[in-house]
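For reference, the structure discussed in these notes is given below.
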Amino acid sequence: MIYSVIFAEGGMDGLIYVVIGVIAAIGFAIGIGVTIITLIYNSIKKIDKPSKYYLMVFGTSFLIGLLVTGMICGATVS
């Protein structure tokens, strides 16, 4: 409750950018991790996929990671 009041009043201006950066970094780490796991799994099973497939896996996992971390951060702040 107090954090939303501080943000509404304009205090701690730079803190919101730090929070956004941390959330983006967590989403990026989730995307990289899932892509590496998928790459390892496909190489063990001898499944040949183009690089566009892994880019799509990264993008999808990155967005899901952003959604989950954003929901967690939003639930704890408000």
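The values are calculated or read from the model by the stated rules, or taken from the named source; none is laboratory data. On a predicted model such as this, the values are computed, not experimentally measured, just so you know. As a convention, Cβ positions derive from the backbone with ideal geometry for all residues, glycine included, and neighbour counts pool all protein chains shown.
Observations on the structure shown:
- Residue count for the stretch 59-78 satisfying the condition of being under 24 Å from Val18 (Cβ atoms) and without any contact (Cβ under 8 Å) to a residue 40 or more places away in the chain: 12.
- Asp13 part of a loop (DSSP other than H, G, I, E, B), acidic (Asp, Glu) and modelled with pLDDT under 85: yes
- The number of residues in the stretch 16-59 that are outside any helix (DSSP H, G or I) and either at pLDDT below 90 or not acidic (Asp, Glu) (or both) comes to 5.
- Qualifying positions in the stretch 9-68 - surrounded by 12 or more Cβ atoms within 10 Å (Cβ to Cβ) and among the aromatic types (Phe, Trp, Tyr): Phe28, Tyr53, Tyr54, Phe58, Phe62
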